[in-house]
Amino acid sequence: MRLSEITAFLGVQAQGDLNKMITGIQYDSRKIKPGNIFVCIKGLKSDGHDYIPQAVENGAAALLVEHPVSTDVSSITQVVVSDTRRALALLSSYWYGFPSRKLRMIGVTGTNGKTTTTHLIKGLLERKRQKVGLIGTIHNLAGDEELPSTHTTPESLELTELLERMVAMQSQTAVMEVSSHALKQNRVAGCEFDVGVFTNLTQDHLDYHPNWEDYLKSKLKLFSALGQGEKGGAKYAVINADDPASDEFIKAAKVPVWTYGTSEKAMIRASDVSITSHGTTFLLSTPEEKAMITVPLTGMFNVSNVLAAISVALGEGLTIPEITAFLAQAPQVAGRFEQVREGQPFSVIVDYAHTPDGLENILATARKITSKRLITVFGCGGDRDRSKRPIMGRIAGRYSSYSFVTSDNPRTEDPEKITDQIEKGISLVTQDYRVVLDRRRAIYEAISLGLPGDTIVIAGKGHETYQLVKGEVLHFDDREVVREALKAAGYSQEDKK
C-alpha cells in the first residue's frame, strides 16, 4: 500500500515522500521490518516517540507521530496526527480491509461479569450453528484456535488482526469484552459494533481514570457509537436495569434498548430466584413469554450475567427452548466461582474477584450456600487503585468467619505495604484474620482449617496462571495450589479411582 493512500484515508498531510510502498504497521520499534510505518504511541510509562531511532535503524519507511521530530535520516516521511492511538486503530482497520464490517460485532462492557457473559453469549449463538469468535480476559478464540490473552481488550493492531483471522475462518460473529482502558484509549475506534452490552459499574481502575465520571464516560463511548458506520443490520443496546448508572447508558444509546434485571421495569426479568451450591433456577419473563431457567452457575451476580446473555440471544433470533436447553448445560467459566472438588467434605471456590463489588458478590453468595464457616483467602494487586484495599478488607471481614490476607499480583509494590492497607479496613470489623504474605502458604493454611460444611473462597486471581512480582512473571495457579493442598491434606479424586 502506498503511503499516499494512508494519508488520504486518515485525511492528513505529511512531510516527505508519499510514493513509498508501506509493507506493514508496527507500534513496537523492536518488531519493525523494512518498509513498515512506525506508529509512535504515548503510553503510561513510555513514549513511542523516544524509540524512533531504533525504528529507523530497523528499516522504518515512515513515522506516524503526534508532533514533528528531528531524525538523522532525511528520507523518513513523517505523518502528523493529533492522536496516534486513534490513528493506529483506524489505520489497522483500513489495512486489513475493515474486518469488523464483515462480522456481527457484540461488545460487552462493565466492571464485573464481562467474561462469563461473553462466554454465555458465544455458547448460545453457536446453537444457531454459527462460528463465533471470542476476545477477552481469559483467552481469544478464532475458529478452532485458542490464542493467549494479554489484555482484556487487545491493542488495536492485534485486535484487528484477530478479527481478520476470524473472517478468514468464516466466523459470522465476534463477541468481545470491551474494557474502559480500551474505550478511553480509542483501541476500538476501528470497530463497528452492532450490539453493546452493559453489565454493571462499580469501583475499579481509579488508578487509571482520574475519577468516577471519567470511568463512566469511557464506558458510555461504546453505546454512543452504536448505529454509526457503514454496516447494515439491526443495532441495539442491552442494559442492566438494576444498576444505578443504567439511565446514563440508556440515554447514550441512539438505538433500540433492551433492559434486563430483577426489577419490575426490566424488559427481560428474573423472579422467584433459587440459589444452591450446584446452580440457580429462576422464572424468566419476557414481553412475549415466560419460562423456568435452570443453570449450573451460582449467585445473583450470575443471574444478571445469564439475563444479559439471554437478552442478546433473543435479539439475535434464538427461541426460548433453544436458550433454556443450552443454559441447562452451560459450562463452567475458568476462575469464575469455579469449584475445585477432590473429594473433600467442604467446598473450595476459586474466583477472579478483585474489586470491592466483585468480592462482595462472591462472598455474599458463598455465605448463603455455606452451612458452616466461610474462610476467605484474598489480596489486592499492586500498582493499581489503592483506595479499594481497605474497602475490600472490610468486605472480607464482614462476610468471613476467618480470612487470610495475602499477596495477589504485587507487581512493583512491596506486598507488605499492600496488606497493611487492607488491614486498615479488615481490622475495623474483625480480628479473625491473619496476614500470610506467601500466597501458596496462605492457601495451604486455609485448606488445613477446612471442616465438613465449610466453604473456602480463594479470591483475586481466578483463571490466572502467573504471579507478577518485581518485573518477573512467576508460574502460579490458585487451582493447582488448591489441589496440591487438598492432596497434602489427604484428599484426592485420583486416589479413589
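Taken as a whole, the condition of being part of a loop (DSSP other than H, G, I, E, B) and modelled with pLDDT of 95 or more applies to Ala266.
If you go through the range 334-348 and keep only what is buried (at least 23 other Cβ atoms within 10 Å of the Cβ) and hydrophobic (A, V, I, L, M, F, W, C), you end up with Phe337, Val348. Might you let me know whether the range 457-472 holds any residue that is within 27 Å of His151 (Cβ to Cβ), among the acidic types (Asp, Glu), surrounded by fewer than 17 Cβ atoms within 10 Å (Cβ to Cβ) and at pLDDT below 95? Yes, the conditions are met somewhere in the range 457-472.
Annotation for the range 142-159: no member residue is open to solvent by 10 Å² or more (accessible area, probe 1.4 Å) and in contact with a Phe, Trp or Tyr (Cβ under 6 Å, 6 or more places away or on another chain).
Yes or no, residue by residue, for (1) out of contact with any Gly (no Cβ under 8 Å at 6 or more places or on another chain); (2) crowded, with 24+ Cβ neighbours inside 10 Å:
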{"residue": "Thr286", "(1), (2)": "yes, no"}
{"residue": "Leu297", "(1), (2)": "no, no"}
{"residue": "Ser311", "(1), (2)": "yes, yes"}
{"residue": "Phe326", "(1), (2)": "no, no"}
{"residue": "Gln332", "(1), (2)": "yes, no"}
{"residue": "Asp357", "(1), (2)": "yes, no"}
{"residue": "Cys380", "(1), (2)": "no, yes"}
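The residue pairs whose first member lies in the range 75-93 and is more than 22 Å from Glu230 (Cβ to Cβ), whose second member is of a type in the set (D, E, K, R) and surrounded by fewer than 18 Cβ atoms within 10 Å (Cβ to Cβ), and whose beta carbons are closer than 6 Å, counting only pairs six or more residues apart or on different chains, are Thr77/Asp17.
Residue pairs whose Cβ atoms lie under 6 Å apart, separated by 6 or more positions or on different chains, with the first residue in the range 133-150 and modelled with pLDDT of 90 or more and the second basic (Lys, Arg) and open to solvent by less than 70 Å² (accessible area, probe 1.4 Å), are Leu134/Lys122.
Whenever a residue of the range 422-442 is small (Gly, Ala, Ser), its partners that are assigned to a strand (DSSP E or B), lying with C-beta atoms within less than 6 angstrom and at least six residues away or across chains, give the pairs Ala442/Val377; Ala442/Phe404. Considering only residues in the range 407-456 that are of a type in the set (Lys, Arg) and either under 21 Å from Lys388 (Cα atoms) or open to solvent by less than 20 Å² (accessible area, probe 1.4 Å) (or both), the one that is modelled with the lowest pLDDT turns out to be Arg411. Filtering Asp272, Asp243 for residues that are assigned to a strand (DSSP E or B), more than 24 Å from Glu192 (Cβ to Cβ) and acidic (Asp, Glu) leaves a single hit, Asp272.
State whether the residues of the range 76-87 include one that is within 22 Å of the chain's Cα centre (by Cα), of a type outside the set (Ser, Thr, Tyr), assigned to a helix (DSSP H, G or I) and surrounded by 18 or more Cβ atoms within 10 Å (Cβ to Cβ). Taking every residue of the range 76-87 in turn, at least one turns out to be within 22 Å of the chain's Cα centre (by Cα), of a type outside the set (Ser, Thr, Tyr), assigned to a helix (DSSP H, G or I) and surrounded by 18 or more Cβ atoms within 10 Å (Cβ to Cβ).
Out of curiosity, is Lys102 within 21 Å of Leu162 (Cβ to Cβ), in contact with a helix residue (DSSP H, G or I) (Cβ under 8 Å, 6 or more places away or on another chain), surrounded by fewer than 22 Cβ atoms within 10 Å (Cβ to Cβ) and among the charged types (D, E, K, R)? When the stated conditions are applied, Lys102 passes them.
Among the residues of the range 39-66, how many are under 17 Å from Leu88 (Cα atoms), open to solvent by 60 Å² or more (accessible area, probe 1.4 Å) and part of a helix (DSSP H, G or I)? Adding up the residues that qualify gives 1.
Conditions (1) over 28 Å from the mean Cα position of the chain (by Cα); (2) touching a residue at least 12 places away in the same chain (Cβ under 8 Å); (3) more than 16 Å from Glu342 (Cβ to Cβ), marked per residue:
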| residue | (1), (2), (3) |
| --- | --- |
| Ser448 | yes, yes, no |
| Asp454 | yes, yes, no |
| Ala459 | no, yes, yes |
| Glu464 | no, yes, yes |
| Lys470 | no, yes, yes |
| His475 | no, no, yes |
| Arg479 | no, yes, no |
| Val482 | no, yes, no |
| Lys487 | yes, yes, no |
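The values are calculated or read from the model by the stated rules, or taken from the named source; none is laboratory data. As the structure is a computational prediction, the values presented were derived from the model and not from experiment. Note that we place each Cβ from the backbone using ideal geometry, even for glycine, and neighbour counts take in every protein chain shown. The area values use the complete protein model at the heavy-atom level, side chains included, leaving out ligands, DNA and RNA. Shrake-Rupley method; radii C 1.70, N 1.55, O 1.52, S 1.80 Å.
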